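Laboratory data are not the source of any read-out in this text; all were calculated from the coordinates shown. The shown structure was predicted, so the numbers you read here are calculated from the model rather than taken from an experiment. In this analysis, Cβ positions are derived from the backbone assuming ideal geometry, glycine residues included, and neighbour counts consider all displayed protein chains.
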Amino acid sequence: MDVLQATWLGSVDYAAAWSWQRELYLSRLEAECADTLMLLEHPHTYTLGRRALAEDLVYGEAERAARGISLYEVDRGGRATYHGPGQLVGYPILQLGERYDVITYLRKLEEVVIRTAADLGVEARRDPDHTGVWVGSDKLGAIGVKITRGITMHGFAINVTTDLSMFSGIIPCGIQDRWVTSIEAKTGVRHSVKAVAASAANHLADAFDLPLTWVHPSSLRGPSAETDLERDSTKTSGEALKGR
């Protein structure tokens, strides 16, 4: 199945998208589906990667609840990040096999974000000391992945028209002396996230030398029941991080 199937999902709750990723991972593992790129937005959400520390959370549980921000501990690499409206999130479910190691894969995702930003008039770059994509000293795109048995999960996020004040509730990626930016902040132009998703899909297909095809979300298996989401997701109050 040497093709990349991309789908635009709109706004999806984090738990639902995470469950959907895992279903696609299992399908890809059994060669039941092609490489897939999920493109979407999330409601206000903080996620904590495997290296997250208690001090990465600035807002306590009451403050997060007042602002309508969900919190999840997840199995990607990295520390704390924010997802929300106006941010493009891409979850590639790709069978890398032995073609790429994790570092090469991360660099390819960074290149996808850099080229997508260039399409929108923003000159972005890598930072030799930090994973992700930067404009000056400000982070435009975050990357955090998991690779199991040669198949990828999680992925990248690009701030398009994101409310950057929402990052104040965390220390983004555990980096205290840097801040974040967005396409809108750098250009003054409000692009639709869906349009940016199309650009990112094209660049990801090019990066992995795969023909791109767009599919309707209904053609992909998704979460089947609320009980599945409750079982599979790891929503947390932040208490579990104490003492790390």
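Overview of results
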item: ³J(HN,Hα), Karplus 6.51/-1.76/1.60, whole Hz, each residue of segment 190-206, x for Gly, Pro; result: 9, 7, 6, 5, 4, 5, 5, 4, 5, 5, 4, 4, 4, 6, 5, 4, 5
item: Over the chain: helical MRE at 222 nm, DSSP H runs n ≥ 4 each giving -39500 (n - 2.57), nearest 500; result: -8500 deg cm²/dmol
item: Phi-based couplings in Hz for segment 71-76 (Karplus 6.51, -1.76, 1.60; Gly and Pro marked x); result: 9, 9, 8, 10, 9, 7
item: Estimated Rh, segment 1-134: Kirkwood, alpha-carbon pairs, angstrom; result: 16.6
item: Per-residue ³J(HN,Hα) for segment 111-124, Karplus 6.51 cos²θ - 1.76 cosθ + 1.60, θ = phi - 60°, Hz, x for Gly and Pro; result: 5, 4, 5, 4, 6, 5, 4, 4, 4, 9, x, 10, 8, 10
item: Cα-derived Rg to Rh of segment 20-92, Kirkwood definition; result: 1.05
item: The chain: most fluctuating residue of G136, G90, G49 per GNM, C-alpha cutoff 10 Å; result: G136
item: Alpha-carbon gyration tensor eigenvalues x 5, square-rooted, for the chain, Å; result: 25, 22, 17
item: For E98, E111, order by how many other beta-carbon atoms lie within 10 Å, fewest first; result: E98, E111
